[in-house]
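In what follows, a structure is listed as structure tokens, so that the remarks can point back to it.
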There are 2 protein chains.
Amino acid sequence: MSRYAYVAGRYLPQAEAAVPIEDRGYQFADGVYEVIAVEDGRLIDAGPHLKRLDRSLNELRIPRPMGDRALGIVLRRVVALNRVRRGMVYLQISRGVAPRDHAFPREVQPQLVVTAKRLTLQPPHLVEAGVRVVTIPDLRWARCDIKSIALLPNVMGKQAAREAGAYEAWQIDRDGNVTEGTSSNAWIVTAGGSLVTRPAGNEILNGITRTVVLELVRELGLAFEQRAFSTAEALAAREAFLTSTTSHVLAVTRIDDMPVGDGVPGAFTKALRQRYLAHLAAGSGR
Amino acid sequence: MSRYAYVAGRYLPQAEAAVPIEDRGYQFADGVYEVIAVEDGRLIDAGPHLKRLDRSLNELRIPRPMGDRALGIVLRRVVALNRVRRGMVYLQISRGVAPRDHAFPREVQPQLVVTAKRLTLQPPHLVEAGVRVVTIPDLRWARCDIKSIALLPNVMGKQAAREAGAYEAWQIDRDGNVTEGTSSNAWIVTAGGSLVTRPAGNEILNGITRTVVLELVRELGLAFEQRAFSTAEALAAREAFLTSTTSHVLAVTRIDDMPVGDGVPGAFTKALRQRYLAHLAAGSGR
């Protein structure tokens, strides 16, 4: 089937959807984005995603192109036009179209682009065996808390992972600690059974799945700490996993070709994954 | 007059020039660019610009869309179509158009976009009085030597300068040293009469104007050092200036509202500016 996109106020076949070459998203990476999961045709955790979108826009002082209600209508329309039952909706807002000049243009309208696509869940073998990650230096800028489209370092990192036969790359800061993956947050379960993930700060993007998982952990009454951890600590951990909107909760069983714990997905990770899938099911209205 | 752009292999009125929403330049800042000055209708220092373009592409492993000769033809054609005698030509190459996924697509054609526009020289009062800069923390990534379109930090920095009534923002690294401006290189002349600019490394974009000015300095037999310098050293300097393709050599007479030297453009800066303008004139064939 043809896919449809929303661009410049219109719903168009995606093959015709284009932006002017002087869109600042294209010339300056001057924009932000969100990816929202779709289950049974419904947006999952749309509220937190749109709240984070607001925060990113505010940090860059890009005005919202429309309110939450109107934006929700556009998102749901694009999901419906693409007949997505399970998948994701992608939205991107740039500062707008203006003659090229670094500083903000005086009069400009923010540009909203929305696409949606079907996604299948991860292949069962990834869930059953867990995935491999490699570690790479974190080369990114100092404001990774803003979900901007300046994703070039993430592109290069993900490519490094792929070429190493890994699912993701964990980025390592100057102190030798893991910040996060190139499109996911990083977690470990220590030998002592405590869940550890890096606190939300300028060094990581505070994933919506991350915040949901933290809530689930609180509900379950499990021990957890928000602090930085090193590659060595991750390798000495009992379990490791990653979280993202499209990967959900996914066991990490090898880091730089060394096994984590027993080298198979652990009980903690499996339990959290099940709880997260239940959260998705509840959010979808099932 | 209408302006023309080159995009997707065609010369189009710029108002119609657009790129698909899944161009990776738009979704990932996965691309590079160059800005080349035009004098008397001729490209200035095209050779070094295209050599740097090659380097940026190689670092990101983006194939060249065409060879130097063909690219030169496109650049000159866009300059001619826009009837630019004095101005600039802008070129941008993205990795191409593909369904959104961080890692490199397997089969993708790099996308070239070229625009050109007329520019006047700086207003005489800027040249005569010099310009103000403000200092800001350098928030950028660790590979500023790649001329990528991931320019969001530069956008925010230039905007900070504009709101402070300044021409440019000088970015300060963790050690308190100046890296460069948001779209220009930074220089001082010490009280002892030595020219100082930061060496080309991962922390700065090695400006073509910067390399030309270094050559002119060598030809003049002047003392110079390539090393980092602090804001305090810049404020204690006899002169300061900035260089870029569109600003040429421009005196910096105030930093964070404090005067540099006498607070007026110095002899060294004026002499270099004249030599640089002569270089432009020679390059234009005049």
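For this structure, a couple of remarks:
- Scope the range A:234-249; condition surrounded by fewer than 20 Cβ atoms within 10 Å (Cβ to Cβ) and farther than 19 Å from A:Gln171 by Cβ; matching residues: A:Ala236, A:Arg238
- Positions within the range B:176-231 being within 14 Å of chain A (Cβ to nearest Cβ) and either modelled with pLDDT under 95 or touching a strand residue (DSSP E or B) at 6+ places or on another chain (Cβ under 8 Å) (or both), in sequence order: B:Thr179, B:Glu180, B:Gly181, B:Thr182, B:Ser183, B:Ser184, B:Glu203, B:Leu205
- Residue among A:Gly87, A:Gly25, A:Gly31 that is within 20 Å of the chain's Cα centre (by Cα) and facing chain B (nearest Cβ under 8 Å): A:Gly25
- Annotation: A:Ala160 fulfils all but one of (1) among the aliphatic types (A, V, I, L, M); (2) within 11 Å of chain B (Cβ to nearest Cβ); (3) in contact with a helix residue (DSSP H, G or I) (Cβ under 9 Å, 6 or more places away or on another chain); the unmet one is (3).
- Residue list for the range B:138-156, filter: outside any helix (DSSP H, G or I) and either more than 7 Å from chain A (Cβ to nearest Cβ) or more than 11 Å from B:Thr179 (Cβ to Cβ) (or both): B:Asp138, B:Trp141, B:Ala142, B:Arg143, B:Cys144, B:Asp145, B:Ile146, B:Lys147, B:Ser148, B:Ile149, B:Ala150, B:Leu151
- Looking across A:Arg77, A:Arg85, one residue alone is surrounded by fewer than 17 Cβ atoms within 10 Å (Cβ to Cβ), under 27 Å from A:Asp40 (Cβ atoms), modelled with pLDDT of 95 or more and touching an Asp or Glu at 6+ places or on another chain (Cβ under 7 Å). It is A:Arg85.
- Taking the criterion of being polar (S, T, N, Q), within 12 Å of chain A (Cβ to nearest Cβ) and over 19 Å from the mean Cα position of the chain (by Cα), no residue of the range B:53-84 qualifies.
- Some residue of the range A:227-240 being outside any loop (DSSP other than H, G, I, E, B), touching a helix residue (DSSP H, G or I) at 6+ places or on another chain (Cβ under 8 Å) and under 25 Å from A:Arg162 (Cβ atoms): yes
- When every residue of the range B:116-137 is checked against the conditions, at least one turns out to be open to solvent by 40 Å² or more (accessible area, probe 1.4 Å), more than 19 Å from B:Gly87 (Cβ to Cβ), over 16 Å from the mean Cα position of the chain (by Cα) and at the interface with chain A (Cβ under 9 Å from one of its Cβ atoms).
- Residue that is most open to solvent (accessible area, probe 1.4 Å) [pool: residues in the range A:102-115 that are within 14 Å of chain B (Cβ to nearest Cβ) and more than 20 Å from B:Glu16 (Cα to Cα)]: A:Arg106
- Output for the range A:193-211, where each listed residue is in contact (Cβ under 8 Å) with a residue 60 or more places away in the chain, open to solvent by less than 10 Å² (accessible area, probe 1.4 Å) and not in a loop (DSSP other than H, G, I, E, B): A:Leu195, A:Thr209
- Residue check, A:Leu43 open to solvent by less than 10 Å² (accessible area, probe 1.4 Å) and farther than 20 Å from B:Met156 by Cα: no
- Of all residues in the range B:250-273, at least one satisfies being more than 29 Å from A:Asp101 (Cβ to Cβ), outside any strand (DSSP E or B), aliphatic (A, V, I, L, M) and open to solvent by 10 Å² or more (accessible area, probe 1.4 Å).
- Every test in (1) among the small types (Gly, Ala, Ser); (2) open to solvent by 30 Å² or more (accessible area, probe 1.4 Å); (3) within 29 Å of A:Ala282 (Cα to Cα) is passed by A:Ala228 save one, and that test is (3).
- Residue in the range A:66-75 that is in a helix (DSSP H, G or I), β-branched (Val, Ile, Thr) and in contact with a strand residue (DSSP E or B) (Cβ under 7 Å, 6 or more places away or on another chain) present: yes
- Filter pass, B:Ala46 being within 30 Å of A:Lys147 (Cα to Cα) and either in contact with a Leu (Cβ under 9 Å, 6 or more places away or on another chain) or within 11 Å of another protein chain (Cβ to nearest Cβ) (or both): no
- Restricting the range B:90-101 to residues that are open to solvent by less than 20 Å² (accessible area, probe 1.4 Å) and facing another protein chain (nearest Cβ under 10 Å), the residue that is farthest from A:Ser183 (Cα to Cα) is B:Tyr90.
The values are calculated or read from the model by the stated rules, or taken from the named source; none is laboratory data. The model shown is predicted, which means the values in this text are computed figures rather than measured ones. Cβ: placed from backbone, ideal geometry, glycine included. Neighbour counts: every protein chain shown. Ligands, DNA and RNA are excluded from the accessible area calculation, which covers all protein heavy atoms including side chains. Shrake-Rupley method; radii C 1.70, N 1.55, O 1.52, S 1.80 Å.
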